[in-house]
Amino acid sequence: MSTLRQGSRIAVLGAGLAGLAAATQLRADGFDVTVLEARDRSGGRVWSESITAGREEPCVIERGAEFVLHGYTTMRRLLDLTGLSLVDTGMSYYVRALADTPDISTQDVVEAGRAAAAIARTYPSPPSAEKVLQRLDCDDRLVDALRARIEISTAVAADHVSADTLEHIASFEPRPSWRISGGNQELPKALAARLGDSVHYRETIHAVTDLGEEVLVETSAGSATFDAAVVALPLSIVRDQATLALSVPEWKTSALNRVLQGDAAKLHLPLRSVPATSAVMSTNGRFWTWTAQDNTGSVTPVLNSFMGSPGALDRAQGDGDFNAWITHARHIRPELDFSESDAVATVWRNDPLARGAYAAFAPGGGRTDSEELERPVGNLLFAGEYADPDFTGLMEGALRSGERAAVRIRNAVQGLKIEAASA
């Protein structure tokens, strides 16, 4: 990066969590920030909506990222900054009963998951999750339940994803989980509100060119130059030259191509009455279901469901709809009082501004890849959930990556060495 000055004009491309975290920090450091967002809202793949179900108050559903997990220190700090709070869901993201094999307990799954994580740590470089699973001395049905848990959580096939995921996104430790009161999108809304008119919506980015001392950004609204730009767009957009003309060297292209973008969908089924909290997984269907508390203090009368991995989605959407998934979800949850109201389905592969779910590292990937993914190219910086080494694919990873990009720019003003990405 070239040396910048206090008050330099910085473009932040994308108003998801990574972009808004970068813009918030840059504004606090005295930079002139412009955020460019193609959608008509902030949040990106953090998307909350309200539906009508079996109670008087509207029910908030999360069509994108949902759970706030253990270790989300950056998110908690930004929630304090914006005056927002967390709500305990009353259930654990990490612990799920097995619908297809009820004789296998959740504790069996937890213990097998811990054993798998221990095996993974014996490798000098992370192998595939499938390679670790093959070394487990367990009932084949239990191994497949672990395989399903990994594939659902990472949205990637177990033989394609790094076993490192067993420590984080597919962890089996029975920890609590939270959501933001009023919906997770309240955080990007609040951060965008603090930035005011600096956030420009409905402005699609077509090209970004580093000119040496300036960066040219071409959008659907025209073109402008900035002193630097933070590219905080989804992985699939960043590496698609047909969508975003972005000239980067081979080492950056290679790093981008080593990251996997998962394939996932969510389904919400309204209920007539308020259920208890729960978490139940279908190994065969490669999806899980849950009911959870919200900020009213009661359980939301909605059955939430999440399906992960390309193969699972291909099978579930074979006829162009998700009727089979809806039927299967109802079948494994016979105790619930389902409403006749329409289900709400969200398929991230069909979203042209995302083209998939969150990211995961391939076998052998991890911290080294993160350093290359975040390393600047001239005055172009990169941020996103795909780049964080410790919270890859998660909201916390997006926030941390965005703040690191802002720190790099601040360091450039102060003439400090640009350090490698770190947690």
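The values are calculated or read from the model by the stated rules, or taken from the named source; none is laboratory data. Predicted model only: the values in this text are computed from it and were never measured. No Cβ is skipped: glycine too gets one built from the backbone with ideal geometry, and neighbour counts run over all protein chains shown.
Taken over region 11-34, the criterion of being more than 20 Å from the chain's Cα centre (by Cα) and either closer than 16 Å to V344 by Cα or outside any loop (DSSP other than H, G, I, E, B) (or both) is satisfied by A11, Q25, L26, R27, A28, D32, V33, T34.
Residue by residue, here is whether (1) under 23 Å from V143 (Cβ atoms); (2) of a type in the set (S, T, Y); (3) touching a Ser or Thr at 6+ places or on another chain (Cβ under 6 Å) holds:
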{"site": "N257", "(1), (2), (3)": "no, no, no"}
{"site": "S282", "(1), (2), (3)": "yes, yes, no"}
{"site": "W288", "(1), (2), (3)": "yes, no, no"}
{"site": "R315", "(1), (2), (3)": "yes, no, no"}
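Across region 28-73, the qualifying residues are those that are among the hydroxyl-bearing types (S, T, Y) and touching a Phe, Trp or Tyr at 6+ places or on another chain (Cβ under 9 Å), and the one among them that is nearest to S298 (Cα to Cα) is Y72. The set of residues in region 385-407 being surrounded by fewer than 24 Cβ atoms within 10 Å (Cβ to Cβ), at pLDDT 95 or above and of a type outside the set (D, E) consists of V407 alone.
Just name the residue that is farthest from G182 (Cα to Cα) out of those in region 299-324 that are over 23 Å from the mean Cα position of the chain (by Cα) and at pLDDT 95 or above. This residue is P301.
When A324, A329, A279 are checked against the criterion of being assigned by TED's automatic domain parsing to the domain that holds V110, surrounded by 15 or more Cβ atoms within 10 Å (Cβ to Cβ), in a helix (DSSP H, G or I) and among the small types (G, A, S), a single residue qualifies: A329.
Using the structure shown, decide if A292 is within 12 Å of M91 (Cβ to Cβ), buried (at least 20 other Cβ atoms within 10 Å of the Cβ) and either among the small types (G, A, S) or without any contact (Cβ under 8 Å) to a residue 12 or more places away in the chain (or both). Here the answer is yes, as A292 does meet what is asked. Assessment of region 188-211 against the conditions (over 22 Å from A387 (Cα atoms), modelled with pLDDT under 95 and out of contact with any Asp or Glu (no Cβ under 8 Å at 6 or more places or on another chain)) yields at least one matching residue. Just one of the listed residues (A112, A117, A99, A145) is farther than 22 Å from V280 by Cβ, touching a helix residue (DSSP H, G or I) at 6+ places or on another chain (Cβ under 8 Å) and either in contact (Cβ under 8 Å) with a residue 24 or more places away in the chain or not basic (K, R) (or both), namely A117. Out of the residues in region 82-98 meeting the condition of being more than 17 Å from N304 (Cα to Cα) and not aliphatic (A, V, I, L, M), tell me which one is surrounded by the fewest Cβ atoms within 10 Å (Cβ to Cβ). Applying the filter and picking the extreme gives G83. For region 307-321, a residue qualifies if it is of a type outside the set (K, R) and either surrounded by fewer than 21 Cβ atoms within 10 Å (Cβ to Cβ) or more than 22 Å from S48 (Cβ to Cβ) (or both), and the qualifying residues are S309, P310, G311, A312, L313, D314, A316, Q317, G318, D319, G320, D321. Out of everything in region 68-81 that is of a type in the set (V, I, T) and crowded, with 18+ Cβ neighbours inside 10 Å, what residue ends up being farthest from G393 (Cα to Cα)? That would be T74. Please enumerate the residues belonging to region 168-187 that are at pLDDT below 95 and in contact with a helix residue (DSSP H, G or I) (Cβ under 6 Å, 6 or more places away or on another chain). If the condition is that a residue be at pLDDT below 95 and in contact with a helix residue (DSSP H, G or I) (Cβ under 6 Å, 6 or more places away or on another chain), then I169, A170, F172 are the ones that fit.
Go through the residues of region 137-149 one by one and say whether even a single one is modelled with pLDDT under 90 and not aromatic (F, W, Y). Within region 137-149, not a single residue is modelled with pLDDT under 90 and not aromatic (F, W, Y). The set of residues in region 332-350 that are under 16 Å from A264 (Cβ atoms) and in a helix (DSSP H, G or I) comprises W348, R349, N350.
Would you be able to say whether some residue in region 340-348 is surrounded by fewer than 23 Cβ atoms within 10 Å (Cβ to Cβ), hydroxyl-bearing (S, T, Y) and modelled with pLDDT under 95? The answer is yes, given that some residue of region 340-348 is surrounded by fewer than 23 Cβ atoms within 10 Å (Cβ to Cβ), hydroxyl-bearing (S, T, Y) and modelled with pLDDT under 95. Taken over region 166-203, the criterion of being surrounded by fewer than 16 Cβ atoms within 10 Å (Cβ to Cβ), in a loop (DSSP other than H, G, I, E, B) and outside the structural domain of R149 (by TED's automatic domain parsing) is satisfied by Y201, R202.
Scanning region 298-320 for residues that are touching a residue at least 24 places away in the same chain (Cβ under 8 Å) and farther than 24 Å from I150 by Cβ turns up S298, V299, T300, P301, V302. So is A354 among the hydrophobic types (A, V, I, L, M, F, W, C) and touching a Leu at 6+ places or on another chain (Cβ under 9 Å) or not? No: the conditions fail for A354. All of (1) touching a helix residue (DSSP H, G or I) at 6+ places or on another chain (Cβ under 6 Å); (2) modelled with pLDDT of 95 or more hold for I237 with one exception: (1). The requirement of being assigned by TED's automatic domain parsing to the domain that holds E173, charged (D, E, K, R), farther than 30 Å from R410 by Cα and surrounded by fewer than 16 Cβ atoms within 10 Å (Cβ to Cβ) is not satisfied by D108.
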